[in-house]
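The values are calculated or read from the model by the stated rules, or taken from the named source; none is laboratory data. Note that the structure is predicted; figures quoted are calculated from it, not measured. All Cβ positions, glycine included, derive from the backbone under ideal geometry; neighbour counts span all protein chains shown. All accessible areas refer to the heavy atoms of the entire protein, side chains included, with ligands and DNA or RNA removed. Shrake-Rupley method; radii C 1.70, N 1.55, O 1.52, S 1.80 Å.
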Amino acid sequence: MWRHDAVVLEEAPEPGFSEVLSKSLDLGAYLEDQDKEFPEFSRRQLEGLQELHQAGKVIFQIEPYLERVMEIHTRLTEGVPPPEVMDRPHLRPVYETERQVDGLLLKFYACSHTASFRKVVMAVKEFARADAARFRLRDELRAQALLPWLDRFSRIYVEAGYIHLYLVKTLRRLLSGKARLRPLFLMASQVRPQLGVPRPLGPGDLLTLGHIFQRGLSEESEELLAARSLIYIKLLEKTEMAPEKGAAPHLNNEITAYRLTKHLSFADCSVLYPRVKLVSPEISQKEVEHYLENKS
C-alpha cells in the first residue's frame, strides 16, 4: 500500500470512516459500532491506514454490491415492501441474487445434520452455483465502479479477497490495455515454498471458481469437491488467532486443511463427515489424521 498513491478497500462506505482516518473520531468508538469478524486485526489495520492517510495516501471504500445489500436491508427495516425495493433498477439484481443464495444456504443448513451425505453434497453443489453467480455480479459491479478512479492515480492498490479472480478478468477487459494490472497474493512467499502455489485454495473455493469461470466441471468433479469441502470447512478455526514471531496462524491452518483433504475420495468424505460435523476444528483434525493413518 505504501508504494501506491491510492488505496481502495474491499468495503462498503461506512459512516465515520474518513473521521477515523483523520483521527477526528476515536478508533475505539468507531469499532464499537462495527461487527468485525476479527476485531484485533481490524484495529491494527485501521492504525496502519491512519499512517498511510497521514502520509498523503488517498484511501477510500468501494464495494457497490455490499453497499446495495446494506441499502436493501435498510429499506426493508424501514418497512418498505419488498416489491417496491425490487422496483429500483440498481437494487433488483442484488436483491434477486441474495434471495437465491440465502435460500440455498438455508437449505444446506436444514439438511446438513439430518439428511444423507449425498443430499448434503447436493445442497453444497446448488449453493456453489448460486454463490458463483453472486461473485460474478459482485466483481462486475466493482470493476465498473473502479474504472473512473483508475485514471486519477498513477499507481492504485485495490484490495480484494483471493477468490475475486473474476474481478481481475473483468478489469483487464474494461481497461483494454490502457493500464498495467498486476495481481499480488500477499501471502505467496509463505505458501509457495510449502505447496508450490501462491494460495492454498480449498475444495469449496475450487468448486466456486469453476462455476465463476464456467469451466464445465464434470458431475464427478463437482461431487468430489463438494464432499471434500464439507471436511475442509470443519478443519478451519473460526476464531481470531494472533500471530507470533512472524507466523501466520490462519494461513497455516488453511495449509493443514488443504493437505489433509487434497486426496480424500468421495467415500472417505462420507465416512468422515458424521465424525466431524458436530465437533471443533481441533478434534476434526485429529479425526481426519487418525482416519488417514489407519487407511494407509
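For the reader, a short list of remarks on this structure follows.
- Set against the 2.2 N^0.38 Å expectation for a compact globular protein, the chain has a Cα radius of gyration ratio of 1.10.
- Segment 148-209, relative contact order in percent, only Cα pairs under 8 angstrom and at least six apart counted: 22
- Rel. contact order, % - alpha carbon contacts under 8 angstrom, at least six apart, segment 80-196: 19
- Computed in the context of the full set of protein chains, the accessible area of segment 103-159 at 1.4 Å probe radius has 58% of its extent on carbon or sulfur.
- 1.4 Å probe accessible area per residue over the chain, in Å²: 57
- Calculated FRET value between Glu293 and Arg43, using beta carbons and R₀ = 41 Å, to 0.05: 0.50
- The long axis of helix 203-212 is offset from the longest Cα principal axis of the chain by roughly 60 degrees.
- Once the Cβ-Cβ distance of Arg182 and Lys238 is raised to the sixth power relative to R0 = 30 Å, the FRET efficiency obtained is 0.40.
- Averaging Cα coordinates gives a centre for segment 35-66 and one for segment 142-200; these two points are 18 Å apart.
- With all protein chains in place and a 1.4 Å probe, the accessible surface of segment 1-51 carries 47 percent carbon and sulfur.
- Summed residue charge, Cβ within 11 Å of Gln214's Cβ, Lys/Arg positive, Asp/Glu negative: +3
- Shown here for segment 209-275: GluC sites (Glu not before Pro) in loop regions (DSSP other than H, G, I, E, B) with at most 14 other Cβ atoms within 10 Å, namely Glu240, Glu244.
- Magnitude of the charge dipole for segment 160-276, about its Cα centre and with charges confined to Cβ atoms of Lys, Arg (+1) and Asp, Glu (-1), is about 720 debye.
- Equivalent ellipsoid, segment 1-126 (semi-axes from 5 times Cα gyration tensor eigenvalues, Å): 35, 21, 14
- Flagged links, alpha-carbon separation over 22 Å, of Lys119/Lys234; Lys238/Lys295; Lys36/Lys238: Lys238/Lys295
- Cα lying deepest toward the dipole's positive end in the chain, options Gly177, Tyr109, Ile212, charges on Cβ: Gly177
- In this rough spin-label picture, where each label sits 7 Å from Cα along the Cβ direction, the Ser221-Ala12 distance is 3.5 nm.
- Charged-residue dipole, Cβ positions (Lys, Arg, Asp, Glu), the chain about Cα centre, Debye nearest 20: 1260
- Computed from Cα atoms, the angle from the helix 92-111 axis to the main principal axis of the chain rounds to 30 degrees.
- About its Cα centre, segment 38-152 has a charge dipole of approximately 480 debye under the convention of +1 per Lys or Arg Cβ and -1 per Asp or Glu Cβ, with nothing else charged.
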